[in-house]
Amino acid sequence: MSQPPKVTPESDRIMSVWNLVLAYVVVLLAGLSGLIIYTELRRRRFEPTPSEDRIFRCHRCGYVYTDDPDVDRSRCSQCGQMNKAIEF
Ligand SMILES: [Zn+2]
């Protein structure tokens, strides 16, 4: 006993297309929000990295400034005094 091929009505076909679209949108949104959470976590982990610059404090005027980590002495941009880096 073989059943005759069932013809799906038009409304059922449209519904299944909509279900596909809905599933696609849900998957897309889930992937997008996952990506946003991932990038946010990455950003939070890497953004507050302490700067590698050296900190200088001027002996003459007290001005605090930073310079490249490879210099031992740096000139104060306020008064021109050469200062040693602050060591922690
Ligand atoms: Zn100074």
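The values are calculated or read from the model by the stated rules, or taken from the named source; none is laboratory data. As the structure is a computational prediction, the values presented were derived from the model and not from experiment. FYI the Cβ positions are ideal-geometry reconstructions off the backbone, even for glycines, and counts take in every protein chain you see.
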Fill in the blank from the handout: Selection from region 34-67 of residues modelled with pLDDT of 90 or more, in contact with a strand residue (DSSP E or B) (Cβ under 9 Å, 6 or more places away or on another chain) and not in a strand (DSSP E or B) yields C58, H59, R60, Y63
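When the residues of region 74-88 are narrowed to those that are part of a strand (DSSP E or B) and of a type in the set (A, V, I, L, M), which ends up farthest from the ligand (Cβ to nearest atom)? Working first, answer last.
Here is the first cut: in region 74-88, the residues part of a strand (DSSP E or B) are 74-75, 82-85.
This time we only want the ones that are of a type in the set (A, V, I, L, M), so: 82, 85.
Values: M82: 10, A85: 14 Å.
Of everything passing the filter in region 74-88, A85 is farthest from the ligand (Cβ to nearest atom).
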